[in-house]
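Take this structure first; my questions come after.
The values are calculated or read from the model by the stated rules, or taken from the named source; none is laboratory data. Just so we're clear, the structure is a prediction, and the values are computed from it rather than from any experiment. For neighbour counting, all protein chains shown are included, and Cβ atoms are generated from backbone atoms with ideal geometry for every residue, glycine included. Ligands, DNA and RNA are excluded from the accessible area calculation, which covers all protein heavy atoms including side chains. Shrake-Rupley method; radii C 1.70, N 1.55, O 1.52, S 1.80 Å.
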Amino acid sequence: MSEHSSRDVGGSGFQPRSDLPIGVFDSGVGGLTVLRAIRRAMPAESALYLGDTARVPYGTKSSESVVRYALQAADLLVERGIKLLVVACNTASAVALDALRERLRPLPVLGVIEPGAAAAAKASVNGHFLVLATEATVQGRAYARALHARRADAVVEEIACSLFVALAEEGWTDGPVADAIAETYLGSARHHPHGTRPDCAILGCTHFPLLAGPIRRAVGESLAIVDSATTTADAVCAALDEAGLGRTTRQAGTLHLMATDNAARFARVGAAFLGTEIETKDVELVDV
Ligand code: DGL
């Protein structure tokens, strides 16, 4: 913990201001899918995004490392000045949310697991869920806990699909390679005995929405597919309203992008996630 940030945030001197940006943090470019949903839902809000590209992937790291990385990234965003932190990374949300909340209090901190689980709990009829995520998220069982808290009848099967992260970053989101990998991870989901078959799949990783096509073909077209981006944006909107921190202007908010390594790659790969071109010169390289 840097003394500087805990003094800035945890002390009584923290003054939330509606004109400050929303801070969004992810292990790399994946959280840009969440940022995109936030900007679509709240165009007047400014955002400060940090992708920890020097240390991605988080999904195969130990929870101790992920907590340490997440706290360092949050410190940087807080030092820049934010009014709310969105942990747009499923792995960091699964593993580091409590540590972040404790460290940053009273700054509001939102993860992507609760909103995703809430949407899935509504979407499922039979209460059987398939959670697709990174190894670390699966090991942490955060989705299972969040689903059980909402539905006592929940039956949760979690599958680590680590290769999907590389596929999405490579842009191989459709075609025979993506289909073969999706089938290998998920094909068995179609063959559960009748009555125990999941009717809802949660895309519990920032990268997986890009592979929705192959995933859908592998798990079966009848499953509801839920991802956290839109529901997290709704949760951010509600949290800002509740804290009286939403911007009321009609002017469009600004966006500032930061990465801890390789701005050119962040810009090139990130464009598919953000849904709009990113110029390398618009990505600030930072050190956490
Ligand atoms: N952002 C991560 C997640 O949502 C995926 C990439 C990684 O493993 O760091 O879990």
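Points 7 angstrom from Cα along the Cβ direction at GLU64 and GLU135: gap in nanometres?
Between GLU64 and GLU135, the simple spin-label model gives 1.7 nm.
Quickly work out the VAL155-to-ASP199 label distance, labels modelled 7 Å from Cα along the C-beta direction, and quote it in nm with one decimal.
Going by the 7 Å Cα→Cβ label model, 1.3 nm.
Within 10 Å, at most 15 other Cβ atoms, and a DSSP state outside H, G, I, E, B define an exposed site. Report the longest part of the chain free of exposed trypsin sites (Lys or Arg not before Pro). If you can, show how the numbers build up before the last one.
Numbers: sites that count: ARG17, ARG141, ARG250.
Maximal segment without exposed cleavage sites: 18-140.
Subtract the Cα-Cα distance of GLN251 and VAL125 from 0.36 nm times their separation in residues, and report this length gain in nm to one decimal. Please report the intermediate quantities before stating the final value.
Details: separation 126, 0.36 × 126 = 45.36 nm, distance 4.15 nm.
Between GLN251 and VAL125, full extension yields an extra 41.2 nm.
Follow-up question, since we're still on this one. Evaluate E = 1/(1 + (r/R0)^6) for HIS191 and SER162, where r is the Cβ-Cβ distance and R0 equals 25 Å; express this FRET efficiency to the nearest 0.05.
Working: r = 22 Å, r/R0 = 0.90.
According to the calculation, E is roughly 0.65.
Pick out, in residue order, every one of the GluC sites (Glu not before Pro) in the range 129-230 that is DSSP loop and has at most 10 other C-beta atoms within 10 Å; say none if there are none.
Numbers: sites: GLU135, GLU157, GLU158, GLU169, GLU170, GLU183, GLU221; in loops: GLU221.
Of the GluC sites (Glu not before Pro), the ones in loops of the range 129-230 whose Cβ has at most 10 other Cβ atoms within 10 Å are GLU221.
What accessible area per residue comes out for the range 156-288, rounded to a whole number of Å², with a 1.4 Å probe?
Values: 6580 Å² over 133 residues.
Roughly 49 Å² per residue, with all protein chains present.
Hey, another quick one. For the range 101-197, what class follows from the C-alpha gyration tensor (a ≥ b ≥ c being the square roots of its eigenvalues): rounded when a/c is under 1.5, otherwise prolate if a/b is larger than b/c, else oblate? Intermediate values should be presented prior to the final figure.
Values: a/c = 2.49, a/b = 1.22, b/c = 2.04.
Taking the square roots of the gyration eigenvalues as a ≥ b ≥ c, the range 101-197 is oblate.
Continuing with the same structure: Suppose R0 equals 51 Å; then what is the FRET efficiency for ALA180 and ARG17 from their Cβ-Cβ distance, rounded to the nearest 0.05? Display every interim value, and only then the final one.
On the way: r = 51 Å, r/R0 = 0.99.
Efficiency for this residue pair is about 0.50.
In Å², and per residue, what accessible area does the range 1-145 have when probed at 1.4 Å with the other protein chains present?
Working: 5340 Å² over 145 residues.
Normalised by residue count, the accessible surface of the range 1-145 is 37 Å².
What accessible surface, in Å², does a 1.4 Å probe find on LEU245, ignoring ligands, DNA and RNA and rounding to the nearest 10?
Number for this one is 10 Å².
Further question on the same structure: Calculated FRET efficiency, ARG268 and ALA238, Cβ-Cβ r, R0 25 Å, to nearest 0.05? Numbers along the way, then the final one.
Numbers: r = 34 Å, r/R0 = 1.36.
The calculated FRET efficiency here is 0.15.
Ignoring everything except DSSP H segments at least 4 long, calculate the 222 nm mean residue ellipticity for the chain; use -39,500 (n - 2.57) per segment, divide by total residues, nearest 500. Numbers along the way, then the final one.
On the way: 12 runs with 132 residues, N = 288.
For the chain, the value works out to -14000 deg cm²/dmol.
In nm, to one decimal, how far is the modelled label at ARG216 from the one at HIS148, with both set 7 Å along Cα→Cβ?
Roughly 3.2 nm, to one decimal.
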